[in-house]
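Scroll down for the structure; my scribbles are underneath it.
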Amino acid sequence: MTISRFVLFGCVALVALVAFQPADDPVPTGPYELRYPASFGGRFNIPVDNPMTQEGVYLGRLLFYEPRLSATGTVSCASCHQQSRAFTDGLVHSVGVSGKLTRRNSMSLVNLLWVRQLFWDGRSNSLEEQTLVPLQHADEMGLKPGEAAQWLQKTAAYPALFRRVFGTDTITDARIAKAIAQFERTLISADSPYDRFLAGKYVLTAAEERGLRLFSAAPNSGRGIRGGNCAHCHGGPKLMQELFHNNGLDLKAIDPGRQEVTGLDLDHGRFRVPTLRNIALTAPYMHDGRFATLAAVLDHYSDHVQASPTLSRELVPAQAGGLGLTPTEKTDLLAFLHLLTDTVFVNNPQFSNPHIRH
Amino acid sequence: MTRFNFLFRPAHWASFVLIGAFCLAAGTGFGQITISGEVTKPLTLQAADLKALPHTEVTGKDRDGKEHKYVGVPLADLLKLAGATMGGELRGENLMKYVVVKAIDGYETLYALPELDTDFATRTIILADSVDGSPLPSGVGPYRIVVPGEKKPARWVREVKSIEVRFAK
């Protein structure tokens, strides 16, 4: 190869490269490498027909923040799942295209890679299935089946992006869901002060340490042990377990919860035990957003647990009211709960709105 | 220390009993067990089916630290009924099989298939339906796994919903 031919080849290659990847907005390609602490474990929920790729995550992020995925062109996934609030919206019930309130409180999106049953009642087994529900719910994004795909098909940019991810520029609802699911699986939070404490890189204050002890210990009056036993359902490095319990909000549940999914009387008033990760950012609390503050949540478990027939067995020692936490114990628990806020996660530029140029 | 003394007030125990009675009266709408996965005959057993199967009594220490008598159907019998590779068939690659037991609240644990097989195990793991002569209480029953001799009852799954045989990949 002569010098001139080499230069010519180089120029052609450069032009080809620039044509494929605009210098200001390169679409990354290749398998997506998941990074997470070893203690989180590798029990992922990734369907075999939707392996994670960098281009898939890229597209999913665009779609997550895409208001054109709604009947009014004003509501995106991010409307009710805002990064600064750990992907919640701060409302008791959310408002979608119809102006009507949603039935349940917007859920935090975090560490979904490990979640196997989604929604407050666990009715969906994959993010791919779950994503289409708000998209097509009349009071959320309000689109009819196929409508989102039609909208995006007419745009200049999306068909090429879908071709890059799925090998075809035919856009379908299923492919939209797959891409959004890929992005959502990257929403990994593992850098809160609590994570750093577990890694030996953060020293707890005295109040935080007392709070951790109350969080972890089961109360035992015989042995004089005080505890909230919170970790029984909310413990582990991910601060999440896949459980559905009735936590004693009402004597007769207003919303039957998981019973609607399974048809079992024993599931009456049972809801997902939510992750406590970033819990200080995700007010208001419970499936119906009835508690405005974490202090109100602690007051519930401490003093107001309702002994309904399906009350969680873990709360039964508290049946006659609650744990009876002292004001100091509540303050200590609050100090601990604030350790679970991952500011790196809520500020991670990889999770922010890609349609806004910074 | 005295904060939990309400547990020992008879009035409160009476209310627990009332709640239990309410559950029984209302009917739980629950009592079937599915057995699926690596079996030749997947089964859904109703409460009456389970009641009719031969029962075995075992003793085990619950979280209260006390020994209790549990009566129920050996898991080995249920697995044989569904056509899992038990007994003489439990050899070679079948030793890479395990059983996942799920509760209605989503709790799940596993047991290696030989742990449940009478040719291997010295203890009998049962699907209990009664404790000390009474039906299992609300929040525990109608069915609970009991693993006699296990020091920590974390695998004594309460409110059992399903039993699935799987191959470790």
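The values are calculated or read from the model by the stated rules, or taken from the named source; none is laboratory data. It should be emphasised that the depicted structure is a prediction, and the values quoted were computed from it without experimental measurement. Cβ sites come from the backbone with ideal geometry, for glycine too, and all protein chains shown count toward neighbours.
At a glance:
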item	result
Test for A:Ala207: is it over 30 Å from A:Met52 (Cα atoms), among the aliphatic types (A, V, I, L, M) and either touching a residue at least 24 places away in the same chain (Cβ under 8 Å) or assigned to a helix (DSSP H, G or I) (or both)	yes
Residue list for the stretch B:132-169, filter: part of a strand (DSSP E or B) and either of a type in the set (Ser, Thr, Tyr) or away from chain A (no Cβ under 13 Å) (or both)	B:Ser134, B:Pro135, B:Ile145, B:Val146, B:Ser162, B:Ile163, B:Glu164, B:Val165, B:Arg166, B:Phe167
Filtered residue count, the stretch A:44-98, keeping only those that are in contact with a Phe, Trp or Tyr (Cβ under 6 Å, 6 or more places away or on another chain) and either at pLDDT below 95 or part of a helix (DSSP H, G or I) (or both)	9
Within the stretch B:87-131, tally of residues that are among the charged types (D, E, K, R) and part of a loop (DSSP other than H, G, I, E, B)	5
Cβ-Cβ under 6 Å pairs, at least 6 apart or on other chains, the stretch A:159-174 side assigned by TED's automatic domain parsing to the domain that holds A:Asp49, far side crowded, with 16+ Cβ neighbours inside 10 Å and not in a helix (DSSP H, G or I)	A:Phe162/A:Ile171
Test: residue in the stretch A:254-261 that is more than 22 Å from A:Ala292 (Cβ to Cβ), of a type in the set (Val, Ile, Thr) and over 17 Å from the mean Cα position of the chain (by Cα)	yes
Single residue of B:Val165, B:Val160 found to be within 16 Å of B:Asp62 (Cβ to Cβ) and in contact with a Lys or Arg (Cβ under 7 Å, 6 or more places away or on another chain)	B:Val160
Cβ pairs under 7 Å, 6+ apart, first in the stretch A:110-122 and more than 11 Å from chain B (Cβ to nearest Cβ), second surrounded by fewer than 22 Cβ atoms within 10 Å (Cβ to Cβ) and β-branched (Val, Ile, Thr)	A:Asn111/A:Ile188; A:Leu113/A:Ile188; A:Asp121/A:Val261
Qualifying residue in the stretch B:138-146 (condition: farther than 30 Å from A:Pro274 by Cβ, more than 12 Å from the chain's Cα centre (by Cα) and touching a residue at least 12 places away in the same chain (Cβ under 8 Å))	no
Elements of type helices (runs of 4 or more DSSP H) contained in the stretch A:289-354, each with 2 or more residues being within 14 Å of another protein chain (Cβ to nearest Cβ) and modelled with pLDDT of 95 or more	A:327-337
Hey, B:Tyr111 within 14 Å of another protein chain (Cβ to nearest Cβ) and aromatic (Phe, Trp, Tyr) or not	no
Answer residue from the stretch B:114-131, given it is of a type in the set (D, E, K, R) and crowded, with 16+ Cβ neighbours inside 10 Å and is farthest from the other protein chains (Cβ to nearest Cβ) among those	B:Asp117
Residue count for the stretch B:122-137, restricted to those that are in contact (Cβ under 8 Å) with a residue 12 or more places away in the chain and closer than 16 Å to B:Pro74 by Cα	9
Residues satisfying the stated conditions in the stretch A:134-169, i.e. more than 19 Å from A:Tyr58 (Cβ to Cβ), assigned to a loop (DSSP other than H, G, I, E, B) and touching a Pro at 6+ places or on another chain (Cβ under 9 Å)	A:Glu140, A:Met141
All positions within the stretch A:229-278 that are within 11 Å of chain B (Cβ to nearest Cβ), assigned to a loop (DSSP other than H, G, I, E, B) and either acidic (Asp, Glu) or touching a helix residue (DSSP H, G or I) at 6+ places or on another chain (Cβ under 7 Å) (or both)	A:Gln241, A:Glu242, A:Leu243, A:Arg258, A:His268, A:Val273
